[in-house]
Amino acid sequence: QVQFVESGGGLVQAGGSLRLSCAPSGFAFGLNAIGWYRQGPGQQRELVAGISRDGRIHYIDSVQGRFTIARDNAKNTVYLQMNSLKPEDTAVYYCNFSPAWNGYWGQGTQVTVSP
């Protein structure tokens, strides 16, 4: 069955960096667009970055220039490199199809950025 597994979160000070990994399974990875999403405290889940099957990328304005999404089709993995982290980036980060399919959300990985 389809499964998304996120890892790489943690606690970091403002200005620091983290790299998240997403290892999905159960579908043809190379044929699908994948997105990174986040849900902050008291907020709705939002798409942060997406990458199409042919490598086209988009970001929300608030992370443009700081975050980088990449995919390795040989490893069935999508990465999110997060630099210059800010306290407002604190959230649980998830990966899913882009657009997301409800019912396929994983556990996510917590990212906490301290001031």
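In summary, residue 74 fulfils each of the numbered conditions (1) more than 18 Å from residue 1 (Cα to Cα); (2) in contact (Cβ under 8 Å) with a residue 40 or more places away in the chain; (3) surrounded by fewer than 14 Cβ atoms within 10 Å (Cβ to Cβ); (4) not β-branched (Val, Ile, Thr) with the single exception of condition (2).
Which residue pairs have Cβ atoms under 7 Å apart, sit 6 or more places apart or on different chains, and have a first residue in the range 1-25 that is closer than 14 Å to residue 80 by Cβ and a second that is among the aromatic types (Phe, Trp, Tyr) and in a loop (DSSP other than H, G, I, E, B)? Sorted first by the residue in the range 1-25, then by its partner, the pairs are 4/104; 22/4; 24/4.
Looking across the range 29-70, the residues that are over 16 Å from residue 99 (Cα atoms), open to solvent by 50 Å² or more (accessible area, probe 1.4 Å) and assigned to a loop (DSSP other than H, G, I, E, B) come down to 41, 42, 43, 64, 65.
Does residue 63 satisfy being touching a residue at least 24 places away in the same chain (Cβ under 8 Å), aliphatic (A, V, I, L, M) and out of contact with any Pro (no Cβ under 8 Å at 6 or more places or on another chain)?
Working: touching a residue at least 24 places away in the same chain (Cβ under 8 Å): yes; aliphatic (A, V, I, L, M): yes; out of contact with any Pro (no Cβ under 8 Å at 6 or more places or on another chain): yes.
Yes: the conditions hold for residue 63.
Report yes if some residue within the range 14-24 is more than 15 Å from the chain's Cα centre (by Cα) and open to solvent by 70 Å² or more (accessible area, probe 1.4 Å); otherwise report no. Taking every residue of the range 14-24 in turn, none turns out to be more than 15 Å from the chain's Cα centre (by Cα) and open to solvent by 70 Å² or more (accessible area, probe 1.4 Å).
Select from the range 77-102 the residues that are part of a loop (DSSP other than H, G, I, E, B) and open to solvent by less than 70 Å² (accessible area, probe 1.4 Å) and write down the one among them that is farthest from residue 57 (Cα to Cα).
Filtering the range 77-102 for residues part of a loop (DSSP other than H, G, I, E, B) gives 83-86, 90, 98-102.
Next cut, open to solvent by less than 70 Å² (accessible area, probe 1.4 Å) only: 83-85, 90, 98, 100.
Working: 83: 17, 84: 20, 85: 20, 90: 22, 98: 11, 100: 15 Å.
For the range 77-102, the residue satisfying everything is 90.
Table: residues versus (1) hydroxyl-bearing (Ser, Thr, Tyr); (2) over 12 Å from the mean Cα position of the chain (by Cα); (3) modelled with pLDDT of 95 or more.
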residue	(1), (2), (3)
47	no, no, yes
52	yes, yes, yes
57	no, yes, yes
65	no, yes, yes
69	no, no, yes
82	no, no, yes
92	no, no, yes
96	no, no, yes
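The values are calculated or read from the model by the stated rules, or taken from the named source; none is laboratory data. These figures come from a predicted structure and were not determined experimentally. Note: ideal-geometry Cβ built from the backbone for every residue, glycine included; neighbour counts use all protein chains shown. Keep in mind that these areas ignore ligands, DNA and RNA; they rest on the heavy atoms of the full protein, side chains included. Shrake-Rupley method; radii C 1.70, N 1.55, O 1.52, S 1.80 Å.
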